[in-house]
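Enquirer: Sending over a structure as structure tokens; questions will come in a sec.
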Amino acid sequence: MISKPPQNWSTHEDKVVSAAQSAVAVAQFAGGATKRGFSLVKAGVLGVMAALWGFGGLMALLFGGALGRPSEAASGIMILLIAAIPGFFAWRNLRKAFGWEQYGDAPLICFLC
């Protein structure tokens, strides 16, 4: 014959379920923090790269234009345009790191208006 379970059988299950839910919540928070930290590192690296490329392009544009070499000035413009690519990805990763994704794809200037 099957015996009857004790009166407090559900309280033990509740403790196990709440402990498991707490462990899952901690793991999810740690995973999110890791992703945000990695996005911040990527934003920093890409931002430095974009700044260096942008500075190089600006110098090529200014000195090439000042010295009367249109081909160097044009290459400076191209370098500036290429520098915008890592700049965009740096901005996107910075938004991911700080949770600014909820504002959509509008630039920061729109939020200052």
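Per-residue answers, yes or no, for (1) of a type outside the set (Ser, Thr, Tyr); (2) within 12 Å of the chain's Cα centre (by Cα); (3) surrounded by fewer than 17 Cβ atoms within 10 Å (Cβ to Cβ):
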{"site": "19", "(1), (2), (3)": "yes, no, yes"}
{"site": "44", "(1), (2), (3)": "yes, yes, yes"}
{"site": "50", "(1), (2), (3)": "yes, no, no"}
{"site": "77", "(1), (2), (3)": "yes, no, yes"}
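Enquirer: To continue, here is another question. Consider residue 40 carefully, then state whether it is within 20 Å of the chain's Cα centre (by Cα) and at pLDDT below 90. It would help to see each step written out before you state the result.
Expert: Details: within 20 Å of the chain's Cα centre (by Cα): yes; at pLDDT below 90: yes.
Yes, satisfied.
Enquirer: Now a separate question. Do you know which of the residues in the stretch 79-113 that are among the β-branched types (Val, Ile, Thr) and at pLDDT 80 or above is surrounded by the fewest Cβ atoms within 10 Å (Cβ to Cβ)? Outline the logic, then answer.
Expert: From the stretch 79-113, those among the β-branched types (Val, Ile, Thr) are 79, 82, 85, 109; that's our starting set.
After this cut, where a residue has to be at pLDDT 80 or above as well, the list is 79, 82, 85.
Working: 79: 18, 82: 15, 85: 13.
So, considering only residues that are among the β-branched types (Val, Ile, Thr) and at pLDDT 80 or above, the one surrounded by the fewest Cβ atoms within 10 Å (Cβ to Cβ) is 85.
Enquirer: A follow-up question, please. Given the conditions (1) over 24 Å from the mean Cα position of the chain (by Cα); (2) in a helix (DSSP H, G or I), and given that residue 90 satisfies all but one, which numbered condition is not satisfied?
Expert: So residue 90 meets the others, but not (1).
The values are calculated or read from the model by the stated rules, or taken from the named source; none is laboratory data. The structure presented is a predicted model; accordingly, all values stated were derived computationally and were not measured. Note that each Cβ is placed from the backbone with ideal geometry, even for glycine, and that neighbours are counted across all protein chains shown.
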